[in-house]
Amino acid sequence: QVHLVESGGGLVQAGDSLRLSCAASGRTFSTYVMGWFRQPPGKEQEFVAAIDQRAVSRTYADSVKGRFTISRNNAENTVYLRMTNLKHEDTAVYYCAATGGLIKRTITEYNYWGQGTQVTVSS
């Protein structure tokens, strides 16, 4: 089992950058695929990005490709989401999640979730 805690959210202006962090407990962080998801106000949760255990493979939602970068530091049990050129439509609660096996984009395939961090982008 892994416990996840996100941080780094806040209020920014359109065009700004922000980096989210997700700290994981336990000694098995390096065995998990890590993902970032978000839930915009009044909408369903959606996939943002995912990274495999060794940071060899990454996948992104089309809406963030080229602007967001997912990375991880297994020595520090942390996964990051670097967000640049933020847009108003990026406003959401951002969640990190963990799962085993191959890299995944589907919400229901992730077993462990953080509590979320709010990102608000003013236009």
For this session: Could you figure out which of (1) over 13 Å from the mean Cα position of the chain (by Cα); (2) open to solvent by 30 Å² or more (accessible area, probe 1.4 Å) isn't true of Tyr112?
Result: (1)
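Surrounded by fewer than 16 Cβ atoms within 10 Å (Cβ to Cβ) and either modelled with pLDDT under 95 or under 18 Å from Ile107 (Cα atoms) (or both), is that true of Glu44?
yes
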Seminar exercise, completed: How many residues of region 68-103 are open to solvent by less than 40 Å² (accessible area, probe 1.4 Å), in contact (Cβ under 8 Å) with a residue 60 or more places away in the chain, under 19 Å from Asp52 (Cα atoms) and over 12 Å from the mean Cα position of the chain (by Cα)? The answer is 2
Problem set entry | Residue list for region 57-106, filter: under 18 Å from Ser30 (Cα atoms), part of a loop (DSSP other than H, G, I, E, B), of a type in the set (S, T, N, Q) and touching a helix residue (DSSP H, G or I) at 6+ places or on another chain (Cβ under 9 Å) | Asn77
Seminar exercise, completed: Only one of Arg54, Arg19 is open to solvent by 30 Å² or more (accessible area, probe 1.4 Å), over 15 Å from Asn111 (Cα atoms), in a strand (DSSP E or B) and of a type in the set (Lys, Arg), namely Arg19
For this session: Under 6 Å between Cβ atoms, at least 6 apart or on separate chains: pull out the pairs that start in region 17-32 with a residue that is more than 16 Å from Arg54 (Cβ to Cβ) and end on any residue that is open to solvent by 50 Å² or more (accessible area, probe 1.4 Å) and assigned to a loop (DSSP other than H, G, I, E, B).
Result: Ser25/His3
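The values are calculated or read from the model by the stated rules, or taken from the named source; none is laboratory data. A quick note: this is a predicted structure, and the numbers were derived from the prediction, not measured. Note that we place each Cβ from the backbone using ideal geometry, even for glycine, and neighbour counts take in every protein chain shown. The protein model used for the area step is the full one, side chains on, heavy atoms only, and it has no ligands, DNA or RNA in it. Shrake-Rupley method; radii C 1.70, N 1.55, O 1.52, S 1.80 Å.
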